[in-house]
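The values are calculated or read from the model by the stated rules, or taken from the named source; none is laboratory data. Quick caveat: nothing in here was measured; it's all calculated off a predicted structure. Here the Cβ positions follow ideal geometry from the backbone for every residue, glycine too, while neighbour counts run over all protein chains shown. What goes into the accessible areas is simple: the full protein's heavy atoms, side chains included, and nothing from ligands, DNA or RNA. Shrake-Rupley method; radii C 1.70, N 1.55, O 1.52, S 1.80 Å.
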2 protein chains.
Amino acid sequence: MSLSMYAITVPVFTRYLNNLDAILAKAEANAAERKIKPEVLPASRLAPDMLPLTFQVQSTTDRIKFVLARLTGRTPPSWADTEVTLADLRARVRTALDYVASFSQADLAGSEDRPVTLKVRGEEQSVPSVPHVTLNAIPQIYFHLTMAYAILRHNGVPVGKGDFVGG
Amino acid sequence: MSLSMYAITVPVFTRYLNNLDAILAKAEANAAERKIKPEVLPASRLAPDMLPLTFQVQSTTDRIKFVLARLTGRTPPSWADTEVTLADLRARVRTALDYVASFSQADLAGSEDRPVTLKVRGEEQSVPSVPHVTLNAIPQIYFHLTMAYAILRHNGVPVGKGDFVGG
């Protein structure tokens, strides 16, 4: 397996979205067992001025969508942020998994050498794709993914690092 | 900037360790302001059965050390896990930054095509380097890095995602 833009994105996003789905499934089962209403964990936070689990899942999936769309010049689909329950969040993750699966090695071929276009404060900017992906897009995806895990862990859902790394 | 094992490791680890140092510096200043003893935040957790901030910083730096050593065939240095205060943790991060800075593009050249040797349950295993780095090593580094941030955020240290992404 050689190093390519495909190798550092599609298989990684597929694995970690599947792991996120499995973590949300454990949260669903645990909430049912503890008789916690289905909308409570999605609205949970680590600090009152932090965004809740729902946002962390929306942001993880949106950032994965945007980076793949940018690298290939596709127009990203719009996903309404209407999730309320853990089941809704799992459906959002599955939608993202389907989108990731629509990208082949050929779709991403050469994208390491093409700049991507970002909107920075309303202005379009062209930036080299490799530092954009490695220093910004991927770290932000892991940030929100880990924050989703951390919110559930803090709220007593029995998940461990094995669930995060999975695979 | 082309895609290489160097591009997805050394500049990324350098940036995110510097950001971690800056986050720990904010925690130090905030703890002093709130008259929190210097050993309290390092011992903080998000759940009683989770490892504390000290471990998250040790694990982040150790995993960065191990992946670079494995990719280049170097013997990793041993770092004693004796940190107690935030100042100790910042020193640990600076030690890791110095170690990362000792790897050049030439040191990592070709490492994408060479397997790495891992110890799995006491047995040495040879695995392809690209999936090891992209699917395992890097996600685990971001996991512990984000968990360090999350513990401080939960404990009222005024940090935001801008501090995490930095640069």
- Query: Tell me, which residue of segment A:147-159 that is surrounded by fewer than 24 Cβ atoms within 10 Å (Cβ to Cβ) and either modelled with pLDDT under 95 or facing chain B (nearest Cβ under 9 Å) (or both) is nearest to residue B:149 (Cα to Cα)?
  - Reply: A:154
- Item | Among residues of segment A:1-49, those that are within 18 Å of residue A:141 (Cα to Cα), polar (S, T, N, Q) and assigned to a helix (DSSP H, G or I), counted | 3
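Looking at this structure, is residue A:165 closer than 25 Å to residue B:3 by Cα, open to solvent by less than 60 Å² (accessible area, probe 1.4 Å) and more than 13 Å from chain B (Cβ to nearest Cβ)?
Details: closer than 25 Å to residue B:3 by Cα: yes; open to solvent by less than 60 Å² (accessible area, probe 1.4 Å): yes; more than 13 Å from chain B (Cβ to nearest Cβ): no.
When the stated conditions are applied, residue A:165 does not pass them.
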- Item | Members of segment A:125-144 found to be among the aliphatic types (A, V, I, L, M) and outside any helix (DSSP H, G or I), listed by number | A:127
- Note on the structure: Inside segment A:56-75, the number of residues satisfying the requirement of being open to solvent by 50 Å² or more (accessible area, probe 1.4 Å) and of a type outside the set (D, E, K, R) is 3
- Item | Any chance residue A:126 is out of contact with any helix residue (DSSP H, G or I) (no Cβ under 9 Å at 6 or more places or on another chain) and closer than 30 Å to residue A:3 by Cα | yes
- Check segment B:58-71 and report whether any residue there is within 13 Å of chain A (Cβ to nearest Cβ) and without any contact (Cβ under 8 Å) to a residue 24 or more places away in the chain. no
- Test for residue B:94: is it within 14 Å of another protein chain (Cβ to nearest Cβ) and open to solvent by 70 Å² or more (accessible area, probe 1.4 Å): no
- For residue A:99, indicate whether it is within 10 Å of another protein chain (Cβ to nearest Cβ), of a type in the set (Phe, Trp, Tyr) and out of contact with any Cys (no Cβ under 8 Å at 6 or more places or on another chain). no
- Note on the structure: Flagged in segment A:1-36 as among the hydroxyl-bearing types (Ser, Thr, Tyr) and either under 20 Å from residue A:65 (Cβ atoms) or in contact (Cβ under 8 Å) with a residue 60 or more places away in the chain (or both), in numbering order, are A:4, A:6, A:9, A:14, A:16
- Message: Go through segment A:77-86 and report how many residues are out of contact with any Asp or Glu (no Cβ under 6 Å at 6 or more places or on another chain) and open to solvent by 50 Å² or more (accessible area, probe 1.4 Å).
- Response: 4
- Message: Considering only residues that are surrounded by fewer than 19 Cβ atoms within 10 Å (Cβ to Cβ) and at the interface with chain B (Cβ under 10 Å from one of its Cβ atoms), which ones fall in segment A:16-44?
- Response: none
- How many of the residues making up segment A:103-146 are away from every other protein chain (no Cβ under 12 Å) and open to solvent by less than 10 Å² (accessible area, probe 1.4 Å)? 2
